[in-house]
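Quick notes on the structure that follows.
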Amino acid sequence: MSTPTTARRAATRERLVEAAIGVIAHKGVLGASVEEICEAADFTRGAFYSNFDSKDELCIAVLEHLCERHLTAARNAIQAMNDQMDLPERISSTLRAFIAAAGEDANTILVMSELRLHAAREAALRDAFNAFEASVTPLFADLVGDGLRSAGLRLTVTTDEAISLLHAVYDQTALDQLIRGEQPGSPVAVEQLGLVLRAMIAPAG
């Protein structure tokens, strides 16, 4: 009896999270009401509050949802690396695979920016946001480290520094593309990320 209930609950949470991504991307965290998120998900307020205590808790669930998508994309891209390519093309190919698998669109980019701004403004979300980032950064760092080692390479900076720099370049490039009316994940993003990554690696040993 518990399995269908658990599955329904997970499906409800998933729909609320997906709805929140669209609403928050267009209105910001403060501008997005619980009612609007429920309407977009075709649920009642009761369904919302049976799954989340607050909008801030939903924000963390959105972060977790997007992070899991990015982790899966990164893992698959690294596993698919072609060691027959030269280094620049191998890096570019891996980055293209990651961006394609991550499914980045305007809503995803905008909602991540909105969540970071909200965490910077609101102490209530700040601690949870920091704890979340502290828990996921090592996961991305391990993936990058494993990928480089398999290619006979190493970082010349710490993994935390590398992740932070790549994240900053990725976010800035994506926002710039939206401002220019371009689609996220164009060759410009791959080129800029590749430049930064190549500047931080060297042969292992």
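Would you point out which residue out of Asp160, Asp105 is over 15 Å from the mean Cα position of the chain (by Cα) and acidic (Asp, Glu)?
From the options Asp160, Asp105, the qualifying one is Asp160.
Within region 61-68, is even one residue modelled with pLDDT of 90 or more, farther than 29 Å from Asp146 by Cβ and not hydroxyl-bearing (Ser, Thr, Tyr)?
no
Which of the following residues is under 21 Å from Arg116 (Cβ atoms), out of contact with any strand residue (DSSP E or B) (no Cβ under 9 Å at 6 or more places or on another chain), buried (at least 17 other Cβ atoms within 10 Å of the Cβ) and free of Cβ contacts under 8 Å to residues at least 24 places away in the same chain: Ala32, Ala20, Ala40?
Ala32
Taking the residues in region 165-205 that are within 16 Å of Ser113 (Cβ to Cβ) and crowded, with 18+ Cβ neighbours inside 10 Å as candidates, determine which candidate is modelled with the lowest pLDDT.
Checked region 165-205; the qualifying residue modelled with the lowest pLDDT is Gly185.
What pairs come up if the first residue lies in region 147-162 and is closer than 20 Å to Asn82 by Cβ, the second is among the hydroxyl-bearing types (Ser, Thr, Tyr) and in a helix (DSSP H, G or I), and their beta carbons are under 9 Å apart, counting only those six or more places apart or on different chains?
Partner pairs satisfying both residue conditions: Gly147/Thr94.
Take region 146-157 and flag every residue that is surrounded by 14 or more Cβ atoms within 10 Å (Cβ to Cβ), modelled with pLDDT of 85 or more and not hydrophobic (A, V, I, L, M, F, W, C).
Listed by number, the list holds a single entry, Arg154.
Those residues that are free of Cβ contacts under 8 Å to residues at least 24 places away in the same chain and in a helix (DSSP H, G or I), I need them from region 172-205; list them, please.
Gln172, Thr173, Asp176, Gln177, Ile179, Pro187, Val188, Gln192, Leu195, Ala199
Can you find a residue that is among the hydroxyl-bearing types (Ser, Thr, Tyr), more than 26 Å from Glu18 (Cα to Cα), exposed (fewer than 14 other Cβ atoms within 10 Å of the Cβ) and over 17 Å from the mean Cα position of the chain (by Cα) anywhere in region 81-93?
Looking for residues that are among the hydroxyl-bearing types (Ser, Thr, Tyr), more than 26 Å from Glu18 (Cα to Cα), exposed (fewer than 14 other Cβ atoms within 10 Å of the Cβ) and over 17 Å from the mean Cα position of the chain (by Cα), one finds none in region 81-93, hence no.
Before we move on, is Ala100 more than 20 Å from Arg15 (Cα to Cα) and of a type outside the set (Val, Ile, Thr)?
Yes; evaluated as a whole, the condition is true for this residue.
Among the candidates Ile99, Ile91, which residue alone is in contact with a Pro (Cβ under 9 Å, 6 or more places away or on another chain) and assigned to a helix (DSSP H, G or I)?
Exactly one residue qualifies, and that residue is Ile99.
Is it fair to say Ser113 is under 19 Å from the mean Cα position of the chain (by Cα), among the hydroxyl-bearing types (Ser, Thr, Tyr) and surrounded by fewer than 18 Cβ atoms within 10 Å (Cβ to Cβ)?
Spelling it out, Ser113 is indeed under 19 Å from the mean Cα position of the chain (by Cα), among the hydroxyl-bearing types (Ser, Thr, Tyr) and surrounded by fewer than 18 Cβ atoms within 10 Å (Cβ to Cβ).
Suppose we filter Ala141, Ala102, Ala128 for residues that are surrounded by 13 or more Cβ atoms within 10 Å (Cβ to Cβ) and either closer than 17 Å to Asn76 by Cβ or in contact with a Lys or Arg (Cβ under 7 Å, 6 or more places away or on another chain) (or both); which single one remains?
Ala102
The values are calculated or read from the model by the stated rules, or taken from the named source; none is laboratory data. Keep in mind the model is a prediction, meaning the values are calculated, not measured. Positions of Cβ are generated from backbone atoms using ideal geometry, with glycine treated the same way; all protein chains shown enter the neighbour counts.
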